[in-house]
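I have placed the structure first, in the form of structure tokens, so that the comments after it can refer back to it.
The values are calculated or read from the model by the stated rules, or taken from the named source; none is laboratory data. Keep in mind the model is a prediction, meaning the values are calculated, not measured. Counting neighbours? That spans all protein chains shown, and the Cβs are built from the backbone with ideal geometry, glycine included. Accessible surface areas use protein heavy atoms only, side chains included; no ligands, DNA or RNA. Shrake-Rupley method; radii C 1.70, N 1.55, O 1.52, S 1.80 Å.
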Amino acid sequence: MQAAVLFTAVFLLVGVATPATEELETNYQKLKDATAAKDAAVVKELAGQTCALARQEIQTPAPTDADQKANWTARVAFAKEVELFTEYSLYATALVSPAAATKIDLLSTLEAQNPKSKYLDDAYPVYFLALNQSGGAAKIPALAAKVLTNFP
């Protein structure tokens, strides 16, 4: 939340946001709304799109002009926060989803998006349980091996 306020303040002082930045902000707000509504399908779709936009913003090269660099630094900080929120939204929505298949879908999406996500450490027990409940217990050993690779 603080980054969003800082981000908005920087743009009011420095200038108008770029179309890509505006799209990132719009998707971020939609993702927050979908997460609050616990809408798994929309969260999954928006998390991927929003993460891609955030990563695109993060990878923009730093400008050489000092005034522009401050603006760029704020945009990148905001994009990093948004990227982390996309991971959280997948994790949080999976936790509250009643269907094991939905949990598996969201957590596998999170794992594909960032195999070293800080949320996966707490999510794996839920993931394993959902696999077991859905008849996918045979997949647990392979997944556990991946877990040990990413979280030794």
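Looking for something in contact with a Cys (Cβ under 9 Å, 6 or more places away or on another chain), modelled with pLDDT of 95 or more and either open to solvent by 40 Å² or more (accessible area, probe 1.4 Å) or within 30 Å of residue 139 (Cα to Cα) (or both) - is there at least one such residue anywhere in the range 89-107? Scanning the range 89-107, I find no residue that is in contact with a Cys (Cβ under 9 Å, 6 or more places away or on another chain), modelled with pLDDT of 95 or more and either open to solvent by 40 Å² or more (accessible area, probe 1.4 Å) or within 30 Å of residue 139 (Cα to Cα) (or both), so the answer is no. Examine the range 71-83 for a residue that is open to solvent by 40 Å² or more (accessible area, probe 1.4 Å), under 17 Å from the mean Cα position of the chain (by Cα) and hydrophobic (A, V, I, L, M, F, W, C), and state whether such a residue exists. Yes, the conditions are met somewhere in the range 71-83. The set of residues in the range 1-24 being open to solvent by 60 Å² or more (accessible area, probe 1.4 Å) and modelled with pLDDT of 85 or more consists of 22, 23. So which residues in the range 25-51 are loosely packed, with under 15 Cβ neighbours inside 10 Å and basic (Lys, Arg)? Across the range 25-51, the qualifying residue is only 38. Considering the range 49-66, the residues that are in a helix (DSSP H, G or I), in contact with a helix residue (DSSP H, G or I) (Cβ under 7 Å, 6 or more places away or on another chain) and not polar (S, T, N, Q) include one that is nearest to residue 35 (Cα to Cα), namely 51. Taken over the range 110-131, the criterion of being surrounded by fewer than 17 Cβ atoms within 10 Å (Cβ to Cβ) and part of a helix (DSSP H, G or I) is satisfied by 112, 121, 122, 125, 129.
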